[in-house]
Amino acid sequence: MHENQNVSKTKDDRLWFCATNDLKHFVWSQRDVLGGSTPLYKASFIPVYKPDGSMKFKIAYTTDERLPVAERWRLKITETQSFKLN
């Protein structure tokens with residue numbers, strides 16, 4: 001989930017990961033995925049399944065208009081650490 005912080009003093013957006021099995025009860029990440037330091041426009045989580053039964057997510061996101069002109073609307077890609085699926 002993208003938490004837009006345009007109205008906060010820092011204006012830093014946050015990107016949270018959450019999961020559900022029933023669309024009623026969600027488990028949320030304990031901290032925001034990108035550290036709350038990136039003005040975001042859009043983001044996508046891309047699952048990467050590994051042969052050992054673990055997975056990670058690639059995260060593709062774009063910056064928004066709050067950065068200096070040379071850094072606006074840039075596509076950025078990062079990834080999470082791998083974790084075991086239960």
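Each reported figure results from applying straightforward, stated rules to the coordinates on display, with no laboratory input. The model shown is predicted, which means the values in this text are computed figures rather than measured ones. Virtual Cβ from ideal backbone geometry, glycine too; neighbours counted across all protein chains shown.
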If you take the residues of the stretch 22-36 that are within 16 Å of T80 (Cα to Cα), of a type outside the set (D, E) and part of a loop (DSSP other than H, G, I, E, B), which of them is farthest from the chain's Cα centre (by Cα)?
Q30
Of the residues in the stretch 49-86 that are under 26 Å from Q30 (Cβ atoms) and among the small types (G, A, S), the one that is surrounded by the fewest Cβ atoms within 10 Å (Cβ to Cβ) is G53
Could you check the stretch 29-48 and list, in sequence order, the residues that are surrounded by 11 or more Cβ atoms within 10 Å (Cβ to Cβ) and either among the aliphatic types (A, V, I, L, M) or over 25 Å from E71 (Cβ atoms) (or both)?
S29, V33, L34, L40, A43, I46, V48
I'd like the full set of residues that are of a type in the set (S, T, N, Q), part of a strand (DSSP E or B) and under 21 Å from R14 (Cβ atoms), limited to the stretch 44-86.
S44, T62, T63, T78
